[in-house]
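In what follows, a structure is listed as structure tokens, so that the remarks can point back to it.
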Amino acid sequence: KAGVTQTPRYLIKTRGQQVTLSCSPISGHRSVSWYQQTPGQGLQFLFEYFSETQRNKGNFPGRFSGRQFSNSRSEMNVSTLELGDSALYLCASSLKSSGANVLTFGAGSRLTVL
Amino acid sequence: GDSVTQMEGPVTLSEEAFLTINCTYTATGYPSLFWYVQYPGEGLQLLLKATKADDKGSNKGFEATYRKETTSFHLEKGSVQVSDSAVYFCALRSGGGADGLTFGKGTHLIIQP
């Protein structure tokens with residue numbers, strides 16, 4: 001059974017550019033959520049999608065956005081990149097969107113902003 | 001809001017030593033509690049979970065018990081191995097789940113042979 005697949009694994013951008021990250025969830029999982037991991041702030045919740053609808057969003061500026069497609073694949077976009085956006089972006093999927101459901105994480109996309 | 005507090009480390013132990021990583025939380029209602037592990041260069045892997053008070057989660061020799069009275073979910077292992085070296089994250093998710101997982105800062109564990 002394939003796990004959560006994130007692409008690209010590594011990318012380098014410059015300030016002011018935008019980036020799109022992709023996440024393919026485990027087959028049958030309908031919920032996809034995104035997290036940002038940095039040395040200073042740790043792991044922070046970005047947003048969650050379930051059946052193509054955003055359920056909630058963490059405390060991030062509007063430059064961070066996402067969407068989910070009918071096949072449950074998800075993308076997140078960061079516009080007007082800042083140095084502080086350098087981070088490991090983790091995607092996680094689960095069968096449903098509720099507290100007890102286990103999230104399975106991908107290996108992450110490491111973004112470096114120069 | 002919800003929060004998780006855990007020792008950050010690094011925690012250095014010798015092989016076969018007993019391990020405890022403390023985790024306490026603040027949350028409204030009755031959250032589900034998790035321990036995740038992250039090996040270098042990888043994403044997070046679920047280690048164990050507990051969904052209600054007095055539940056004990058266990059996996060690969062690790063255990064943690066959901067203590068509602070002390071709002072704690074301490075991770076323990078009786079005899080650690082070098083392969084257990086990793087970063088361990090305590091996390092919670094409130095009942096509705098809409099706000100995603102709230103993580104602690106992570107504890108870097110180093111096991112020396």
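Points to keep in mind about this one:
- Contact residues in segment A:11-35 by the 10 Å² criterion (accessible area, 1.4 Å probe, full protein complex versus chain alone): A:35.
- Charge sum, other residues only, whose C-beta stays under 13 Å from residue B:109's C-beta, Lys/Arg counted +1 and Asp/Glu -1: -3
- Area buried, chain A against chain B - accessible surface, total, 1.4 angstrom probe, square angstrom: 1700 Å²
- Length released on extending from residue B:53 to residue B:12, taking residue separation times 0.36 nm less the Cα-Cα span: 11.7 nm
- For the pair residue A:5 and residue B:83, label points projected 7 Å from Cα toward Cβ lie 2.8 nm apart.
- The protein assembly as shown - accessible surface per residue (Å², probe 1.4 Å): 46 Å²
- Sites listed here are trypsin sites (Lys or Arg not before Pro) in segment A:1-71 whose DSSP assignment is loop and whose Cβ has at most 16 other Cβ atoms within 10 Å: A:1, A:9, A:15, A:30, A:63.
- Centroid-to-centroid separation of segment A:40-114 and segment B:71-113 [C-alpha atoms, Å]: 21 Å
- Computed E for residue A:112/residue B:45 - FRET, C-beta separation, R0 30 angstrom, nearest 0.05: 0.80
- Expressed as a whole percent, the accessible area of the protein assembly as shown that falls on carbon and sulfur atoms is 48 (1.4 Å probe).
- Counting lysine pairs in the protein assembly as shown that sit 8 or more residues apart in sequence, or on different chains, and whose Cα atoms lie under 19 Å apart gives 12.
- Taking segment A:43-87 and a reference point 7 angstrom along Cα→Cβ of residue A:13, the backbone N atoms nearer than 16 Å belong to A:46-47, A:60-67, A:75-87.
- Relative contact order of segment B:7-48: 25 percent, from C-alpha pairs under 8 Å at least 6 residues apart in sequence.
- Calculated translational diffusion coefficient of chain A (25 °C, 0.890 mPa s; Stokes-Einstein with Kirkwood radius over alpha-carbon pairs) equals 176 µm²/s.
The values are calculated or read from the model by the stated rules, or taken from the named source; none is laboratory data. Here the structure is a predicted model, which is why all the values come from computation and not from measurement. Glycine gets a Cβ as well: all are built from the backbone with ideal geometry, and neighbour counts include every protein chain shown. Keep in mind that these areas ignore ligands, DNA and RNA; they rest on the heavy atoms of the full protein, side chains included. Shrake-Rupley method; radii C 1.70, N 1.55, O 1.52, S 1.80 Å.
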